[in-house]
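The values are calculated or read from the model by the stated rules, or taken from the named source; none is laboratory data. Being a predicted model, the structure only gives us computed values, none of them experimental. Neighbour counts run over all protein chains shown; Cβ positions are idealised from the backbone, glycine included.
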Amino acid sequence: MKFKFDWFLKGMLVAVGLAFLWPGPGAHGGFLHPELLNKTGIALIFFLNGLGLSLLALRDGALRWKVHLLIQSSTFLIFPLLGWVLIKLSGGWMPVDLQTGFFYLCALPSTVSSSVALTVAARGNVPVALFNATLSSLIGVVLTPLWMAWILGRSGANFAAGPVIADLLLWLVLPLVLGQLARPLLSAWASRNRSSIQIADRLTILTLVYTSFSDSVQQGIWSHYGPFVLVETIVGTGVLFFVVLLLTRLLSNLLGLSTEDRIAAIFCGSKKTLASGIPMAHLIFGANPALGLILMPIMLYHPLQLAVGGVLAQHWTNREGAVK
């Protein structure tokens, strides 16, 4: 499985570029009305996620507790701990909003689609990947905002947890539940139109990327920082990814996991979701003008994890004894 710079990744570059060239429509008060557009888009994304999320995946391989514990610990404990260390080490040379962005990346759940797809390609334990990717998405609805409340509270930022939780329930959890309830009626239709649904999902995310950066540009956030911020983000995401990759591999060996379980653990435990991360950020950070800067780490982490994951999947596919 090789990394492809697909239309969605190109679309992210176009959305960011358009925000810098023409921020007015997507900024607060613009004719796209992002205050309404963003929340409607978030509801659509999580309704489609609920429609496509099979909770039956939680049943298969549920008793393999060691690998599940490793994956969820990597996602929601090891990652946030590394994010906190990164913030401490960065001191005064990393902008505060970028520090928040790195910790937000670390607090996000794992991906569903790419974790499972890479595990399939590498001939790993697919039921384990399905179980943990699904479970991670559900846990992240609760733990991600709690982690952000903790880190923002420690930094002295004003974080009103009540309105954030209310928004998460209304625009994220409710559409997710409605999507699940609609599965008996719409699952067959969703299976037939999977590619069209994925395109709608991705286009909605690109719209959120555009509005996120439009506000940042309109309010002059980027004029305070030079190109060094991009270098910091690239280096930080790279270091973070490879540290987690090495830790999950080391812990998999210490736990005596089989090769198939180890592959699933490494892929699921090192991934972070862009698809849920961008809409969730709009609910957690609201109208924060620095949202574009906060989202930079996850936007750069996403192609990195796909590129390295593709190389690893190809390597493990060709291993001796792999079941074809």
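Candidates are the residues of the range 226-273 that are of a type in the set (S, T, N, Q) and touching a Pro at 6+ places or on another chain (Cβ under 9 Å); the one that is surrounded by the fewest Cβ atoms within 10 Å (Cβ to Cβ) is Thr233.
A Cβ distance below 9 Å, combined with a sequence gap of six or more or placement on separate chains, defines the contacts here; from the range 223-249, residues that are free of Cβ contacts under 8 Å to residues at least 40 places away in the same chain reach residues that are basic (Lys, Arg) and surrounded by 16 or more Cβ atoms within 10 Å (Cβ to Cβ) in the pairs Arg249/Arg262. For Leu283, the test of being surrounded by fewer than 24 Cβ atoms within 10 Å (Cβ to Cβ) and touching an Asp or Glu at 6+ places or on another chain (Cβ under 9 Å) is passed.
Considering only the range 80-94, I want to know if a residue exists there that is polar (S, T, N, Q) and either assigned to a helix (DSSP H, G or I) or in contact with a Phe, Trp or Tyr (Cβ under 9 Å, 6 or more places away or on another chain) (or both). So far as the range 80-94 goes, yes, one or more of its residues are polar (S, T, N, Q) and either assigned to a helix (DSSP H, G or I) or in contact with a Phe, Trp or Tyr (Cβ under 9 Å, 6 or more places away or on another chain) (or both). Within the range 145-156, no residue that is within 18 Å of Leu82 (Cβ to Cβ) and crowded, with 18+ Cβ neighbours inside 10 Å sits with its Cβ atom under 6 Å from a residue that is modelled with pLDDT under 90 and not hydrophobic (A, V, I, L, M, F, W, C) at 6+ positions apart or across chains. Selection of the range 96-134 for residues being touching a Cys at 6+ places or on another chain (Cβ under 6 Å) and not in a helix (DSSP H, G or I) yields only Ser110. Of all residues in the range 23-32, those satisfying the criterion of being surrounded by 14 or more Cβ atoms within 10 Å (Cβ to Cβ) and over 20 Å from Met299 (Cα atoms) are Pro25, His28, Gly30, Leu32.
Considering only residues in the range 28-53 that are among the hydrophobic types (A, V, I, L, M, F, W, C) and farther than 30 Å from Ser191 by Cα, the one that is nearest to the chain's Cα centre (by Cα) turns out to be Leu32. The residue list Ser187, Ser195, Ser223, Ser137 contains one member that is at pLDDT below 85, assigned to a helix (DSSP H, G or I) and either of a type in the set (Ser, Thr, Tyr) or surrounded by 15 or more Cβ atoms within 10 Å (Cβ to Cβ) (or both), which is Ser223. Which residue is nearest to Trp171 (Cα to Cα), if the candidates are limited to the range 262-291 and must be in contact with a Lys or Arg (Cβ under 8 Å, 6 or more places away or on another chain) and not hydrophobic (A, V, I, L, M, F, W, C)? Filtering the range 262-291 for residues that are in contact with a Lys or Arg (Cβ under 8 Å, 6 or more places away or on another chain) and not hydrophobic (A, V, I, L, M, F, W, C), the one nearest to Trp171 (Cα to Cα) comes out as His282. Does Tyr301 satisfy the criteria of being in contact (Cβ under 8 Å) with a residue 40 or more places away in the chain and within 23 Å of the chain's Cα centre (by Cα)? Here the answer is yes, as Tyr301 does meet what is asked.
If you check Leu69, Leu58 for being more than 15 Å from the chain's Cα centre (by Cα), hydrophobic (A, V, I, L, M, F, W, C), modelled with pLDDT under 90 and surrounded by fewer than 20 Cβ atoms within 10 Å (Cβ to Cβ), only one passes: Leu58.
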